[in-house]
Structures are given as C-alpha cells and as structure tokens.
Amino acid sequence: MLKVGVIGVGSISDHHIKPYLANEQVELFALSDINEARLIAKGAFHGVTELYSDYRELLKNEAIDAVSICTWNNAHAEIAIAALEAGKHVLVEKPLSMTVKEAEAVEAAVEKTGKVLQVGFVRRHGDNAKLLKTFIDNDELGEIYYAKTSCIRRLGNPGGWFSDSSRSGGGPLIDLGVHMIDICWYFMGKPRPVSVSGNTYNKLGNRSNIKNLSFYKAADYDPHLSDVEDLTNAIIRFENGASILVDVSYTLHAKQDELYVKLFGEKGGAEIEPELAIVAEKYNTILNVTPQIDNLSFDFEKAFQNEINHFVSSCLDGTENIAPVSDGVQVMKMLNAIYESAKLGKEVYL
Ligand SMILES: NC(=O)c1ccc[n+]([C@@H]2O[C@H](COP(=O)([O-])OP(=O)(O)OC[C@H]3O[C@@H](n4cnc5c(N)ncnc54)[C@H](O)[C@@H]3O)[C@@H](O)[C@H]2O)c1
C-alpha cells in the first residue's frame, strides 16, 4: 500500500486524485495547498482529513510514502527536492522546473536519495502512444530523423499564474510546447539536443477583448496580467542529425485551433495527434494504416490513470520509470535554449 499526498489542489490535481482513488494499492492520505479555502473544500470532497497549508509540514509526516506535485511551475523544483530529502517518492507535473539549474538540482537530489522521481509527461502514457511505441521499438519506422509538431490555440491564454512569467517561467512554450517537444523526442529515441533556433512573439496579449467566444480561464484569471509570449516557433537539431520543428501559441490570428504530431522515419512515418496513423511502404506501395483500437486520439482520463498506475508500480515494485528526471532535465535544456535563442536572435548551442 502506498500512502500518497497531493501538493497543490487546483485544476490538474483532480487528474491525480481520481486515479489514485481508483488504484487499489493507494491510500490518498494528505493534501496541501497555500489556498486554504480550496484545500478545505478539496479535503471535504474527498474525505481527506490530513490537510496542510504548508507543504513542509506534510513532508514531515512519516506515514506518507509519495507525493504528487501539482503546484504552479515556480514551486516544482523546491518541493521536489524537499520531498526527496524527506524520503518520499515524487511525481512532479510538467515542466520539471522553470530553469535548467533547478532541474539539475532535482536530478542531484534523486541521485542522492535513490527515490523514484517521475516527470508528468502524460502524453507518453496515452494508449495510442504506448501502441505506437511498440511499433517504433520493433523498428517499423526505422530511424526517425524528422518530427513536426504544432499546438495552436487561436484564443487560449488561461491568464492567472500561467501568464505571469515569475510563476510559470513562460507562456505556450513551457506550458504546451513541453508536451509537444517531449513526445516527439521520446519517440525519436531521445537523441542529444545540440542546437536550437527559436522565435517568440508577444503581439496579441491575452485578448480579453474578444467577445462571443469562450475559452479556458485559470481560477485567478486577471485580464491585465500577461507578460509571457503568445507564440513560439523553433527548430531543434540533434547530435544524430535529426530535427524537430515546433510551433505553439496561446493566441494567434489562425482560422482554427490546430494540434498535430508527425514523425518521419527512414522506413515509415506516423502521426499521434490528432489521431494515431501509421504510414508504411510494402511491395513498392505506400500504405496509410489505421490501427483498429478503441481510441485513436489522446484520452486525457485514461492517460492520467496509466501515468498514476505507472508511478505507483515504480514506487512499490520497482517497475522501470519511463519518465525519469534525466528526461525532464533534457527537455528543460531544450525549452530554456529556445527562450535564450529568441532573446539573442540567433542559434544557441547546448
Ligand atoms: N499534464 C498536463 O496535461 C497538465 C495540464 C494542466 C496543468 N498541468 C500542470 O499542473 C500544474 C498545476 O496547474 P493547474 O492548472 O492545476 O493550476 P491551478 O492554478 O489550477 O492549481 C495550482 C494550485 O497550486 C497551489 N499552489 C501554488 N504554489 C503552492 C505551494 N508552494 N504549495 C502548495 N500549493 C501551491 C495553488 O494555490 C493552486 O491551488 C502546473 O505545473 C501545470 O503546468 C499539467
């Protein structure tokens, strides 16, 4: 049995709490949030009585084996290090941290304590992603040398802490790009990034003037607060010559939202978003293959359940962690280098 605490009980915490409750090997034991009203309401809703407004007090509770960190990005590294040093296993939401320095400090703490730290790269846990990984591991695509990914929101700056760079570390790149870049890089076999060239634009702000079209807003939405970029594009080059082309936005004068992940290999290709598809060549003929599975797209609920189950088995049975801290560090290096490149207006070498 794994006794778990969840730190930060805002929106995404529901996608940790629900799967923990559904896992028979887990006892949801404690919750923490600096927002006391939210903490008390969440505790009452789930019947959890160990409630802490200071996460450090939660970590002192020796009954707790593991924590999920679902706070704003600026607290991820600090809480992860404190939790590891308190002897807890850690599942930390993406991004691992706001800076490479922080990410490396978390990595050092993992090495020192030997505890499990899983980064919340939830897209790796989608059923469609797991199936595609089986194809890739069996060399159906050959060497993947190019990936192209896009996550365009025409109106979707959530405001609140998301658009306050001191708490988020950036805009759509660190929030959405982290997923898009990670999933491409993971399928490409995690080659070492060597250089990036990126551009960020802060042209449209949060567009709170737009009427008659609703969009997701953070709990503490403030139309006057937005110092993050609204569009980022980048090309990332790897040691083996492979490359990723990415663009992500919170807002853009686009006709519609767009989400895609396309992989191109020497033997075949694949798309994982908007839905799983495999491109093959057999007997001098190009085949577009549609796997017959329940859900070709990313199923948010199922992927979070898979992610939590994976974390629980890594903690209890030593199952190999598919999203280790070293991956979080590499992804942070790519994200930070893109911001750096955009600031300098030139290519940056890692
Ligand atoms: N995996 C995904 O697809 C996904 C989706 C959304 C958000 N996230 C990540 O989850 C995290 C939380 O996002 P959210 O949308 O739930 O935000 P949110 O604002 O809804 O919730 C965050 C909560 O953390 C609390 N908090 C902040 N600092 C704290 C601290 N030091 N100690 C305790 N509580 C603290 C806040 O009071 C708030 O209740 C972010 O890192 C975000 O990037 C991941």
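The values are calculated or read from the model by the stated rules, or taken from the named source; none is laboratory data. Just so you know, these numbers come straight off a predicted model, no measurement behind them. So basically every Cβ, Gly included, is an ideal-geometry build from the backbone, and we count neighbours across all protein chains shown. With ligands, DNA and RNA removed, areas are computed over all heavy atoms of the protein, side chains included. Shrake-Rupley method; radii C 1.70, N 1.55, O 1.52, S 1.80 Å.
See the values below:
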{"quantity": "Selection from region 145-172 of residues that are within 12 Å of the ligand (Cβ to nearest atom) and either among the aromatic types (Phe, Trp, Tyr) or not assigned by the TED database to the domain that holds LYS267 (or both)", "calculated": "TRP161, PHE162"}
{"quantity": "Filter result (in a loop (DSSP other than H, G, I, E, B) and either within 11 Å of the ligand (Cβ to nearest atom) or free of Cβ contacts under 8 Å to residues at least 60 places away in the same chain (or both)) within region 94-103", "calculated": "LYS94, PRO95, LEU96, SER97, MET98"}
{"quantity": "Residue in region 265-277 that is open to solvent by 60 Å² or more (accessible area, probe 1.4 Å), more than 27 Å from the chain's Cα centre (by Cα) and touching a residue at least 12 places away in the same chain (Cβ under 8 Å) present", "calculated": "yes"}
{"quantity": "Residue match in region 135-143 (condition: outside the structural domain of ASP247 (by the TED database), surrounded by fewer than 24 Cβ atoms within 10 Å (Cβ to Cβ), more than 24 Å from ASN306 (Cα to Cα) and in contact with a strand residue (DSSP E or B) (Cβ under 8 Å, 6 or more places away or on another chain))", "calculated": "no"}
{"quantity": "Matching residues, region 161-212, being open to solvent by less than 50 Å² (accessible area, probe 1.4 Å) and within 17 Å of GLU239 (Cβ to Cβ)", "calculated": "ILE181, CYS184, TRP185, TYR186, PHE187, MET188, PRO191, PRO193, VAL194, SER195, VAL196, SER197"}
{"quantity": "Qualifying residue in region 104-111 (condition: open to solvent by 50 Å² or more (accessible area, probe 1.4 Å) and free of Cβ contacts under 8 Å to residues at least 60 places away in the same chain)", "calculated": "yes"}
{"quantity": "Pairs with Cβ under 8 Å, 6+ apart, first in region 208-228 and assigned by the TED database to the domain that holds SER163 and in a loop (DSSP other than H, G, I, E, B), second open to solvent by less than 60 Å² (accessible area, probe 1.4 Å) and among the hydrophobic types (A, V, I, L, M, F, W, C)", "calculated": "ILE210/LEU155; LEU213/LEU155; PHE215/LEU155; ALA218/TRP161; ALA218/PHE162; ASP220/TRP161; VAL228/PHE162"}
{"quantity": "Filter result (open to solvent by 60 Å² or more (accessible area, probe 1.4 Å), within 24 Å of the chain's Cα centre (by Cα) and within 10 Å of the ligand (Cβ to nearest atom)) within region 11-69", "calculated": "SER11, ASP14, ILE34, ARG38"}
{"quantity": "Evaluation of ASN73 against (1) closer than 26 Å to PHE121 by Cα; (2) at pLDDT 95 or above; (3) within 14 Å of the ligand (Cβ to nearest atom); (4) open to solvent by 30 Å² or more (accessible area, probe 1.4 Å) (one fails), failing number", "calculated": "(4)"}
{"quantity": "For LEU245: the one exception among (1) within 26 Å of ASN128 (Cα to Cα); (2) surrounded by 18 or more Cβ atoms within 10 Å (Cβ to Cβ)", "calculated": "(2)"}
{"quantity": "Residue, nearest to the ligand (Cβ to nearest atom), within region 76-93, restricted to residues that are at negative phi and open to solvent by 10 Å² or more (accessible area, probe 1.4 Å)", "calculated": "GLU93"}
{"quantity": "Residue within region 219-235 that is out of contact with any Leu (no Cβ under 7 Å at 6 or more places or on another chain), more than 23 Å from GLY345 (Cβ to Cβ) and more than 16 Å from the ligand (Cβ to nearest atom) present", "calculated": "yes"}
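Results for (1) farther than 16 Å from ILE308 by Cβ; (2) free of Cβ contacts under 8 Å to residues at least 40 places away in the same chain; (3) out of contact with any Phe, Trp or Tyr (no Cβ under 6 Å at 6 or more places or on another chain), shown as yes or no for each residue.
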residue: HIS16; (1), (2), (3): no, no, yes
residue: LEU21; (1), (2), (3): no, yes, yes
residue: SER32; (1), (2), (3): yes, yes, no
residue: ASN35; (1), (2), (3): yes, yes, yes
residue: ALA41; (1), (2), (3): yes, yes, yes
residue: LEU51; (1), (2), (3): yes, yes, yes
